[in-house]
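Quick notes on the structure that follows.
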Amino acid sequence: MLRLITLIVSMAALAAAQGPLRFELKRLEKRPAGCTLVFEYPEIISAETPQARDRINAGILRVLLRRNDWPAPDSGFPSLNAYADNFIKFCGEFQKRAEGRALYAYKLVTIFRYTPPILSFRCEASEDGGGVHPFGTTFYVNFESSTGKAIALTDLVKDGALAKLEAVAEATFQRDHNLSRTGSLSEPYSFPGGRFKLNENFGIGEKELVFLFNTYEIGPGAMGATEISIPYRQVSNLLKIDSGPW
C-alpha cells in the first residue's frame, strides 16, 4: 500500500531562517513482501515567486528520477509513483525467481544549505536491484533562492578563475589521498588524459564547497565515492557570490 506522508516543518527557528521559503517533507514508501522502497525529500511550497518554487521542485524531482547506479542517467519515468511502481513490479517478479532475497531502493534528499542567496540539496541513493552487489550514488543540486535558477559551476566561479579553483581542488585531493604533487594521475584513477578535472557534481554548503565523484566515476568500485571539501576561506576570491560565508 502506498503511503504518502506529509510532515509540516513548524519549528520557529527554522521558519524564521527560511524567510519567504517554506517547505514540506515528503515521504513515498512501499513495502510489499521482500521489497522496500522509500523516497524522502523536501518540497518547496512557498518561495519569492511561484516560478522560483516550481523551478526548485522540478530540479529536486529530476535528481530523484535519476537511476541509482553509475553512470546515472534519467530513469525515463514521468513521476516518482511511476518509478516506484516499476521497481516494486520488478522486485515481485524477482522474488518468484530468487525467493528469500529482499530488494530495496532508497532515495534521501536533504538540505545542504538554506542560507540565501543559495539553496543546495544533497540526494543520496542506494539500491539492491538483484545484481551481484548493491550500489548507490550521491548528487547535489543548487539553486538561486530568489529565482529558482539552477546553478552551474560557471555561474559560481568568476570568469577566468576555474583553473585556479581546479588547482586548489587538486591539491586538496592529492593531500587527502597522499599523492605526489607532480606527474599524472594514473592507476587506480581514471581521469581523462591522466589529469585531474572537476565535475559538475558539487554542493554549496554553509562553510565549504564540496565536489563528489561517485563510485566508478574516477576509479574502480573498491575505491568507493570520493569527496573533496574546500573551505570558502581558500577560494573566496574566486567566487562570484559576495553574500554568505565567503
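Any read-out appearing in this document is the output of simple, stated calculations on the displayed coordinates, not a laboratory observation. Please read these numbers as outputs of a predicted model, since none were measured by experiment. Neighbour counts run over all protein chains shown; Cβ positions are idealised from the backbone, glycine included.
If the rule is a partner Cβ under 4.7 Å, which cysteines in the chain fail it?
Lone cysteines by the Cβ rule: 123.
Loop only per DSSP, at most 10 neighbouring Cβ atoms within 10 Å: give me the GluC sites (Glu not before Pro) in the stretch 79-126, ordered by residue number.
99
Please report the antiparallel percentage of DSSP beta bridges with both residues in the chain, rounded to the nearest 5.
90
Given the options 79, 126, 180, which has the most mean-square fluctuation in a GNM of the chain, springs set between C-alpha atoms less than 10 angstrom apart?
Its mean-square fluctuation being the largest, the pick is 180.
List the aspartates and glutamates whose Cα lies under 18 Å from the Cα of residue 197, skipping any in the same chain that are fewer than 8 positions away.
155, 159, 166, 170, 176, 187, 217, 227
Taking H as built 1.01 Å from N, whose amide H comes closer than 5 Å to the amide H of residue 104, not counting residues under 5 places away?
36, 128
Mind sorting 35, 91 by how few other Cβ atoms lie within 10 Å of their own Cβ, fewest first?
Fewest to most other Cβ atoms nearby, the residues stand as 35, 91.
Which lysines have a Cα lying under 28 Å from the Cα of residue 30, excluding residues fewer than 8 positions away in the same chain?
Cα-Cα hits under 28 Å: 89, 96, 107.
Which lysines have a Cα less than 20 Å from the Cα of residue 207, not counting those fewer than 8 places away in the same chain?
158, 164, 240
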